[in-house]
Amino acid sequence: PRLQPGARAERPISLVDLAPTLLDLAGIPAPEGLDGRSWLDSATAPPRPVLAGLDLDGHRLFAVVDPPYKLVWDVETQDRRLYVLRGPNPEARPVDPGTDPDAAAAVKRLTAVLEESLAAADRTLEPSAAGDLPEEVESSLRALGYLE
C-alpha cells in the first residue's frame with residue numbers, strides 16, 4: 001500500500017484534494033472533471049498551496065499556506081501578515097518582510113497565488129450541458145423549495 005495504516009503527514013491537504021485522495025486510496029478512478037488531485041500524487045507533482053477563507057459578518061479573511069509560510073490577508077483593512085510555521089507558537093508574531101528577503105519573496109509569491117485563486121472564483125461558470133433534470137429530481141427539488 002502507498003499509505004501505511006496510522007501514518008501521519010505533516011503537510012496540509014486542501015479540501016478540494018480530499019475526494020480525489022479518498023478515491024485513490026479506495027482504488028477508484030476519479031470522475032472526469034473533478035477538481036483537485038490525489039494527495040498521494042505528491043511524489044510526481046509538487047504540493048500546491050492550501051487556500052482558506054473566513055467571513056464573519058462581512059469581515060473577510062483569506063489565507064494561503066505553503067510550508068513553511070502562511071499569509072493571512074484581511075480584505076477590509078488590506079493588511080497582509082506572513083507567518084513562519086515553525087516552533088512552538090508559530091503564529092504568535094508575524095515575520096517582517098522588510099527585513100527578511102526570503103519573507104519578502106514569500107509574500108509576493110503567496111499574494112499572487114491568492115489573487116489568482118480569487119480571480120478564478122469570480123469568473124462566470126459556463127451553463128451546464130447536462131440538459132433538463134429528470135422529472136423525479138425536478139419534483140423533489142421543487143418540493144424542497146429549490147425550484148419555483
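Would you confirm whether or not the stretch 63-71 contains a residue that is among the hydroxyl-bearing types (Ser, Thr, Tyr) and within 17 Å of Arg109 (Cβ to Cβ)? So far as the stretch 63-71 goes, yes, one or more of its residues are among the hydroxyl-bearing types (Ser, Thr, Tyr) and within 17 Å of Arg109 (Cβ to Cβ). The set of residues in the stretch 25-68 being open to solvent by less than 50 Å² (accessible area, probe 1.4 Å), without any contact (Cβ under 8 Å) to a residue 24 or more places away in the chain and within 18 Å of Ala7 (Cα to Cα) consists of Ser38 alone. Name the residue that is farthest from Leu118 (Cα to Cα), counting only residues in the stretch 26-62 that are assigned to a helix (DSSP H, G or I) and at pLDDT below 85. Among those that are assigned to a helix (DSSP H, G or I) and at pLDDT below 85, it is Ala43. Restricting Asp102, Asp74 to those that are modelled with pLDDT of 90 or more and open to solvent by less than 90 Å² (accessible area, probe 1.4 Å) reduces the list to Asp74.
The values are calculated or read from the model by the stated rules, or taken from the named source; none is laboratory data. None of the values given here were measured: they were computed from a predicted structure. Using ideal geometry, Cβ is built from the backbone for each residue, glycine included, and neighbour counts are taken over all protein chains shown. Protein only, heavy atoms only, side chains kept; ligands, DNA and RNA dropped before computing areas. Shrake-Rupley method; radii C 1.70, N 1.55, O 1.52, S 1.80 Å.
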